[in-house]
Structure formats: C-alpha cells, structure tokens
Amino acid sequence: MAAPSSRLRRYAVLKAGHATGYIERIHGGFARMLERLLRDPDENERWDVYHVVDGDFSFLDETSDFDGFVITGSAADAHADDEWILRLRDAVQLLYLQKKRILGICFGHQIIARALGGETGRAAAGWELGVKKLSVDSAKIREIYGLEFPSTIDVIESHRDQVSAVPPEAVVLASSEKTRIEMFAIGDQILGIQSHPEFSEDVVMDIIDGRLSRDSITIEVANEAIQSFEESNPDQEMMKSLCKTFLKGPGKAISFA
C-alpha cells in the first residue's frame, strides 16, 4: 500500500439540503454521506462541511486552502432564485475562475450547470426514482480520467429537475432513458452527476415514504422505484471510483472492465 501523502489535503462539502430525521440519525445527513464516500482514512485529509442552505458561505474566505469542493443534493430547485441559491451560483462561478475542482451531486450538478451557462428546470418526464440504467460515453471517461467504464451502469436516482443544456465547453458523459444529461464534465475541473453515488436502498425507501406522505409522488412512481431495487443492483462502487478519481487523481481509481 502506498504511503499516505504528507501534505494536508482539504475538501469542502457544501450542504445544500436538509435530510429527514431517519437519514440524519442513521447516516449523518447528506454531507456526511458524501464525506464517507470520498474520504480516504489512510490519507492526510481534512473535510469541512458548510451549510450553504442555511447561509454559511464562510468557505469563501479561504478558498485557496481547499483542493476541491463537493455540492450535495437538495429538495430545492437549482433554477429557483432563493437568496442562498443565487449566492451558491455566484460562489460556483468564483471557484471556477479560481480553477478549483467542483463535484456536484443531483442539485449540485444542476447548480453548477446553471452557474456556468447551462440550463436547468423541471423534467418533462417527471420523477426519476430508484435504480436506473445509464448509457455511458466510456471512451470520453477514459480520455479524461483514465478509467475503464462499461457502456452502461445502474445508478440510484432521486430527482424531478434536470440539466437541459450543458455549459459551453462541457461534454456529456452519460444519459438515461428520461434524462439526456446524467453526467457532464468541463475538462478535469468540473464533474456534474445527476444520480446519487452516496445513497443506499434504505435512504431511497425513506425518501419514498416522505414523498408519498406529502403526495409529491404517486403510488405508481413509488412502486416502480421499489421494484427497481428488486431487479437491479446499483453500481455505487464504480461511481465512487469516478468521483474520487476526479477529486484526487488517478491513484484513487478502481478499474472496471
């Protein structure tokens, strides 16, 4: 095993949403779930969480100290004009100009696209919830990240908004039956992922229960999502490898033939 790096690497997780009581209690919330996904315990790393959804943008005072930024999912709309969403949009623009690496998950994927000149909004196809199959541009992923990916992967989805147009210079890395832009990249600096590599089945079941109780999804959408876990196994380790390779370099890759 390679010796850990002596230089401290710092990463900021920008928390864009509040999780349910169950997800907070069992998994620590969205930000901690992503930290656990991406942290290397044997490396000299520091992970700081900033609650941007609650107006905490103090990371802007020390952006030069960070090696990368991760923006979480959220129940909020990335195309909305809430004050904190507009501040986050502006922060993404600043970080991009500073050449910082930014990984966006779900809402994070969408707010990055909006900030850098793309378009986001409600998906005409409605909710994507559960395990879905992506078509992947494996050649482009190999070119950018040096990873061997198959042409299709199964991922966990939980969204009804989408990126409808990518920013200038961005390339689309994956699509699904309902969502044309599932992943996009701008060089090796920006990676947007619509799916949730940090989620597990129990998290989705909790989200389904909550949305059913609020009548925000139909029983048909819920049943389809539940059935998807019975029929498919999401490739979370593959997505984890992609995220870590993007943030930290090819030494963190796992090869999937």
Conditions (1) in contact (Cβ under 8 Å) with a residue 40 or more places away in the chain; (2) of a type in the set (A, V, I, L, M, F, W, C); (3) surrounded by 17 or more Cβ atoms within 10 Å (Cβ to Cβ): number failed by LEU173: (1)
Meets criteria (in contact with a Pro (Cβ under 9 Å, 6 or more places away or on another chain) and among the aliphatic types (A, V, I, L, M)) for LEU86: no
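Listed here are the residues, each with its yes/no results for (1) under 22 Å from SER164 (Cα atoms); (2) in contact with a Cys (Cβ under 8 Å, 6 or more places away or on another chain); (3) without any contact (Cβ under 8 Å) to a residue 40 or more places away in the chain.
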residue	(1), (2), (3)
LYS178	yes, no, no
GLU182	yes, no, no
HIS196	yes, yes, no
MET205	no, no, yes
SER213	no, no, yes
ALA222	no, no, no
GLU230	no, no, yes
PRO234	no, no, no
Just to be sure before I move on: is THR120 in contact with a strand residue (DSSP E or B) (Cβ under 7 Å, 6 or more places away or on another chain), more than 21 Å from GLN236 (Cβ to Cβ), not in a helix (DSSP H, G or I) and not small (Gly, Ala, Ser) in the structure I sent? yes
Look through GLY55, GLY21, GLY29 and report the one residue that is without any contact (Cβ under 8 Å) to a residue 40 or more places away in the chain, over 18 Å from LEU247 (Cα atoms) and out of contact with any helix residue (DSSP H, G or I) (no Cβ under 8 Å at 6 or more places or on another chain). GLY21
Qualifying positions in segment 32-42 - surrounded by fewer than 20 Cβ atoms within 10 Å (Cβ to Cβ) and in contact (Cβ under 8 Å) with a residue 40 or more places away in the chain: ARG36, LEU37, ASP40, ASP42
Looking only at strands (runs of 3 or more DSSP E) that fall completely inside segment 13-116, which ones have 3 or more residues that are under 27 Å from ARG211 (Cα atoms), within 13 Å of the chain's Cα centre (by Cα) and modelled with pLDDT of 95 or more? 101-105
Residue pairs, Cβ under 6 Å, 6 or more apart or interchain, first in segment 144-156 and at pLDDT 95 or above, second of a type in the set (Phe, Trp, Tyr). List them. ILE156/PHE199
Qualifying position, being more than 17 Å from ALA78 (Cβ to Cβ), surrounded by 19 or more Cβ atoms within 10 Å (Cβ to Cβ) and either aromatic (Phe, Trp, Tyr) or in contact with a Leu (Cβ under 9 Å, 6 or more places away or on another chain) (or both), among VAL155, VAL131: VAL155
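The values are calculated or read from the model by the stated rules, or taken from the named source; none is laboratory data. The structure presented is a predicted model; accordingly, all values stated were derived computationally and were not measured. All Cβ positions, even for glycine, are placed from backbone atoms using ideal geometry, and neighbour counts span all protein chains on display.
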